[in-house]
1. Could you tally the net charge around residue 260, taking each other residue with its Cβ under 12 Å from the Cβ of residue 260, Lys/Arg +1 and Asp/Glu -1?
2. How much length is gained if the chain between residue 181 and residue 202 is pulled fully straight, taking 0.36 nm per residue apart and subtracting their Cα-Cα distance, in nm to one decimal?
3. Among residues other than residue 146 whose Cβ falls under 14 Å from its Cβ, what is the net charge (Lys/Arg +1, Asp/Glu -1)?
4. Can you tell me how much longer the chain between residue 51 and residue 250 gets when fully stretched, taken as 0.36 nm per residue apart minus their C-alpha distance, in nm with one decimal?
5. Can you sort 204, 89 so the residue with the fewest Cβ neighbours within 10 Å comes first?
6. Calculated from DSSP H runs of 4 or more alone, at -39500 (n - 2.57) each and per residue, what is the 222 nm mean residue ellipticity of the chain, nearest 500?
7. Residue separation times 0.36 nm, minus the C-alpha to C-alpha distance between residue 267 and residue 87: what's the value?
8. Hey, rough spin-label estimate for residue 234 and residue 213, points 7 angstrom out along Cα→Cβ, what's it come to in nanometres?
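Nothing in this text is a laboratory measurement; each read-out follows from the coordinates by a stated rule. What you see is a predicted model; the values in this text were computed from it and never measured. No Cβ is skipped: glycine too gets one built from the backbone with ideal geometry, and neighbour counts run over all protein chains shown.
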Amino acid sequence: MQDSISHNEEVVLYEVADGIATITMNRPEYHNAQNSKMTYALDAAFQRAAHDDAVKVIVLAGAGKHFSAGHDIGTPGRDIDTSFERQSLWYDHVNKEGGEFLYAREQEVYLGMCRRWRDLPKPTIAMVQGACVAGGLMLAWVCDLIVASEDAFFADPVVRMGIPGVEYFAHAYELNPRIAKEFLFLGERMNAQRAQQMGMVNRLVPREALRENVYEMATKIAAMPRLGLALTKQALNHVEELQGKRAAMDAAFAWHHFAHAHNELVSGDRLGGYDARKMAQSQRAPDAETKEAAPESTS
């Protein structure tokens with residue numbers, strides 16, 4: 001069975017087979033840049049999988065060459081000024097002024113949704129190929145496991161906007177803090193091999209074998225008892241909370257929004273003068289094989 005979440009024009013695809021739900025971001029022409037339409041569709045898909053007793057494991061994928069280029073800051077489908085049915089208790093951002101506009105929006109669609117997906121009581125696997133940049137990191141990081149193709153790369157280049165990393169600030173938990181500083185200060189691509197060495201990626205496989213390996217892993221996990229999986233995930237997530245993950249993220253989120261407000265006061269632009277094209281150019285690799293880059297974004 002494969003279908004899209006209703007009223008979302010297949011920006012997210014949903015499929016269930018053999019106890020595994022596959023949620024696929026489906027804006028390949030924009031390297032799966034996440035507009036609000038996609039984010040709300042992802043939320044609906046995760047809720048659907050969580051509530052379906054036939055689903056034991058969830059795989060998050062991106063259609064096309066790249067997993068995700070991040071938040072949409074430059075496609076024709078950018079919809080930051082559009083109201084959607086709220087999924088949290090935060091009020092609508094659309095008619096708000098100043099810093100309240102982004103703060104209310106990102107509490108809902110970035111920090112709130114990512115935390116909810118991370119706490120989903122079923123194992124989740126991110127199947128990453130190509131670019132996993134900025135907001136794409138957030139989607140991979142909320143998953144319990146990350147399996148990446150050998151040509152995948154990871155980056156959070158938003159410091160060049162004057163912003164201290166993406167909203168779901170898990171950098172120092174996904175990476176050693178010293179490596180996280182390098183990752184952010186330089187804003188450069190981290191290749192999949194180093195990401196695995198640093199403990200951010202579980203397994204690396206050739207791109208042509210990525211899907212097979214992910215579903216082999218998911219099938220083995222699906223054979224485990226549902227409650228055992230849920231309790232194990234809860235226990236390990238609790239360890240991160242004892243290490244201060246939620247409190248650290250709250251502080252970083254506040255600094256993130258101070259940076260947006262500062263940018264707007266100084267330049268009149270929340271993103272410090274960067275658009276999708278400029279961010280993509282900042283990530284261009286020097287070699288021909290990786291020169292194609294996705295339009296990165298945040299906010």
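1. -3
2. Using 0.36 nm per residue and subtracting the Cα-Cα distance, I get 5.4 nm.
3. Taking every Cβ under 14 Å from that of residue 146, the sum is 0.
4. Contour length minus Cα-Cα distance gives 68.8 nm.
5. Numbers: 204 21, 89 8.
In increasing order of surrounding Cβ atoms, one gets 89, 204.
6. -11500 deg cm²/dmol
7. Working: separation 180, 0.36 × 180 = 64.80 nm, distance 3.26 nm.
Working it through step by step, the gained length comes to 61.5 nm.
8. Distance between the two pseudo-spin positions: 3.3 nm.
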